[in-house]
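Let me begin by presenting the structure, written as C-alpha cells, before commenting on it.
What follows is calculated from the coordinates using simple rules that are stated; it is not laboratory data. Keep in mind that this is a model prediction, so the values were computed, not measured. For neighbour counting, all protein chains shown are included, and Cβ atoms are generated from backbone atoms with ideal geometry for every residue, glycine included.
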Ligand SMILES: Nc1ncnc2c1ncn2[C@@H]1O[C@H](COP(=O)(O)OP(=O)(O)OP(=O)(O)O)[C@@H](O)[C@H]1O
Ligand SMILES: [Mg+2]
C-alpha cells in the first residue's frame, strides 16, 4: 500500500540526526559501561567464593555480561524517550497530518538510531572485551549466525516494548517514570541483572511466558551455545512470535489511544 | 462536488472542573468532575474548488477546532463532513496526501534537521516526483527566500523564517486543499506581505483551495474573496468582504480645519437631519453622516459655504472596527442580505 521508500528515508534521516548527537551517545556509552562494570565486580565478588553457580563458570558469566552490554547498548534510553516525548509534547497531532503510519515511522527511526548505536557498540564492546580479556567468542560459525539473528530479534522485541511504554504516556505525563519502570522490569525479567537460570523455579517459569527473555537471555544463551541446534531455533521462534505479538499489540493500543486523542483533542 | 462540505458539524470537549488551590486538586483527584464545552456548534459550510476563504472570529470562537476536524486530527462529536470526497478522520492517510496544513503555533519541520533535509524527507514521505519537487523548490525559493536559512536546523531559525519554511513544507506536494491557521501570527510587515503574496500565488496559479484563519484583517483583504465569521462556535456571517463593509461602513466622518472660529456648527447642519457635529477645538471640527443618506460632496459644500475651510479629510470605519463591533455584539447581522436589512 504505502511504499517502503518513505520509511527508509525516515530511517536514514534518523541515522543522520543521531550522528549529530555525539554527546548523547557519549553519555549512553558511559552509562552502559558503568552499568556493566558494576555488574562485573558484583559477580566477581560472588565468584570469589565459588567456581560455579547454577552451571555457569566465571568465564561463562563474563561472556554473559558482554551480551548484556551489547543488548543494552542497542536501542537505548534515547530512542525510548524519543517516542514518549512525542506523545507528551503533542507533536502526535502533527504526525497525524502526514501520510505515515505512526508505528512504522517510529520503528524506522528507532532502527536508524540503533544501526548507529550498533556500530559504536561493536567498537566499545570489543575494547571492553579486550580490557577484561578472555571473553569467549561464540564457539562456532553456526552459533555466531544464530546469535546475530537472535540479537536482531532482541532489538525488535525491545522496540515492541518501548513502543507500548511510549504509548502509556498518553495517559500519564511522567515520561521518566514510565521509562524507569520499563527499564526496571526489562532488566529484571530479561536476565540482564541475573541470568534467568539462577532465578527460583517459579520466577523462572513466569519469565518463560514473558517477552523479556528474548531481549538478553535467549541471545546470550545462543552466544554461549547453551542453546544450540533445535533448541536455539525453537527459542528464536519464540522471539519471533513475541515480535509479532508485540507489533500487533502496539498497533491495537495505538489505534485505541489515537481515537482518544482525536476525540478529546490531545 | 464541493471541496469542503460540512453539515451541522459539532465538537464538544470535556474540560476538567477543578476548584482552585491544593484543596481543589485533591477534590478533583477523587471526584473527577467535568463540564462540556461546545467549541463548534452546528457549522454548515460549503467551499468550492479554487475558493479562498477567510475564517475569522474572536479568540476561542472555534476556528482551530474546525480546521482540526477538517484536517482529520479531531473527530467531530456529531454532524457530517466530507473533504474532497473523503471523511478526514476515517481515511486519515489518504486525506493527508490531499491537504497541506500550517498551524502558525506549531511547526511540522524536524527540529534537529537542517530545513533543506526536512524538505527532502517530505519529498519521500509524500512521494513527490523529482521534476515536481525541483520545480516547487525553485519556485518556493524565489517566493519565500528559503535559501537564506535552509542549511540551519529548524530550532535555530527565527519565527518568520520558520513560518516561511513551514508554508513551503505544507505545499511541497501541491495539495489541492490548504488549511492555514494563523499563518502570519507574530510576523513583521515585510514577512507578512511575502507570505500573503505566496498564498495568493498558490490560490491563483495552482488553483488550490484555501481556508485561512487570522486575526489580521489585512490578510483577508489581500487573499480572500469570501469571509466566514464565526462566534461561539456558530457562523454569524458568510459572504464577501465588500458586502459587510457596505452594510456597516455607512458612517463617514469629515474632518474640517478652518481659518477662523465658527460661531455655530450645529446651525450649519441644522437642516441636515441625521448629521451630527463634533467640535474638536476652536479651529477644527468633524461631521458624521450616513453615506447612503448624503454624499460627501453635499456635506462638504454646505460647510464650505458657511466657513472658511483650510483643509478637510474623510474617514471611513476600517474593517477592523467593523469586525470588532461584530464580535462585541454592537452590530447584529441579519442572516440574509445584511446590506439590505441595514439600509431600509
Ligand atoms: N483539547 C481541548 N480540550 C478542551 N477544550 C478545548 C480543547 N481545544 C479547544 N478547546 C476549547 O474550545 C474553544 C475553541 O477553541 P479554538 O482553539 O477552536 O478557538 P480559536 O477560534 O482557534 O481561537 P484563537 O483565535 O484564540 O486561536 C475554546 O474555548 C477552547 O478552550
Ligand atoms: Mg486558533
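Using only the alpha-carbon atoms, how far is helix A:229-264 inclined from the longest principal axis of chain A? Give it as 0 to 90 degrees, nearest 10. For helix A:229-264, the angle is close to 30 degrees. Would you give the gap between the C-alpha center of segment B:189-206 and the C-alpha center of segment B:216-288, rounded to a whole Å? Taking the Cα centre of each part, segment B:189-206 and segment B:216-288 sit 30 Å apart. The distance between label points at residue B:318 and residue B:38 comes to 3.4 nm (points 7 Å beyond Cα on the Cα→Cβ vector). Given segment A:2-260, what whole percent of its Cα pairs are spread farther than 30 Å? That tail contains 28 percent of the Cα-Cα pairs. Across A:98, A:44, A:62, mean-square fluctuation computed from a Gaussian network of chain A (C-alpha pairs under 10 Å connected) peaks at A:98.
Ranked by the mean number of other Cβ atoms within 10 Å of their residues, highest first, the peptides B:55-65, A:135-145, B:38-48, B:240-250 come out as B:55-65, B:38-48, B:240-250, A:135-145. Once the Cβ-Cβ distance of residue B:46 and residue A:38 is raised to the sixth power relative to R0 = 56 Å, the FRET efficiency obtained is 0.25. One equal scatterer on each Cα of the protein assembly as shown, no solvent, Debye formula: the resulting log10 I(q)/I(0) at q = 0.07, 0.10 Å⁻¹ is -0.61, -0.98. Available extension along the chain between residue B:142 and residue B:94 is 14.3 nm, counting 0.36 nm per residue and deducting the alpha carbon span.
Taking every Cα-Cα distance in chain B and sorting them into 20 Å bins from zero, the calculated P(r) comes out as 25, 44, 25, 6 percent.
Computed from Cα atoms, the angle from the helix B:189-205 axis to the main principal axis of chain B rounds to 70 degrees.
As a length-normalised measure over Cα pairs under 8 Å and 6 or more apart, the relative contact order of segment B:180-241 settles at 30 percent.
Label separation (residue B:309 vs residue A:228): 11.0 nm, computed from points 7 Å beyond Cα along the C-beta direction.
Applying 1/(1 + (r/R0)^6) with R0 = 45 Å to the Cβ-Cβ distance of residue B:29 and residue A:252 gives a FRET efficiency near 0.95.
Under Stokes-Einstein, with the Kirkwood radius over Cα pairs as Rh, the value for segment A:129-185 at 10 °C and 1.306 mPa s is 113 µm²/s. Using a simple spin-label model with pseudo-atoms 7 Å out from Cα toward Cβ, residue B:59 and residue A:206 lie 5.2 nm apart.
Based on alpha carbons, the Rg and Dmax found for segment A:155-266 are 16.1, 52 Å.
Against chain A, whose longest principal axis is taken from its Cα atoms, helix A:22-48 shows a tilt of about 30°. Using only alpha-carbon positions in segment A:68-194, the gyration tensor eigenvalues give semi-axes of 31, 16, 12 Å once each is multiplied by 5 and square-rooted (largest first). Taking the number of Cβ atoms within 10 Å of each Cβ as an exposure proxy, the fewest-first ranking of B:71, A:20 is A:20, B:71.
Using C-alpha pairs below 8 Å separated by at least 6 residues, the relative contact order for chain B is 18 percent. Here the gap between residue B:218 and residue B:15, fully extended at 0.36 nm per residue and compared with their Cα-Cα distance, gives a gain of 69.7 nm. If R0 equals 35 Å, the separation of the Cβ atoms of residue A:185 and residue A:85 corresponds to a calculated FRET efficiency of about 0.95. Calculated translational diffusion coefficient of segment B:82-225 (25 °C, 0.890 mPa s; Stokes-Einstein with Kirkwood radius over alpha-carbon pairs) equals 160 µm²/s.
Contact order for segment A:2-260, expressed relative to its length and based on alpha carbon pairs under 8 Å spaced 6+ residues apart, stands at 26 percent. The distance linking segment A:38-100 with segment B:129-163 is 40 Å (Cα centroid to Cα centroid, whole angstrom). Partner shielding of A:9-16 amounts to 4, given as the average count of beta-carbon atoms from other chains within 10 Å of each residue beta-carbon. The separation of segment A:221-266 from segment A:141-166, counted between C-alpha centres, amounts to 10 Å.
Helical content of the protein assembly as shown, expressed as a calculated mean residue ellipticity at 222 nm, amounts to -17000 deg cm²/dmol (DSSP H runs of 4 or more residues, -39,500 (n - 2.57) each, divided by residue number, nearest 500).
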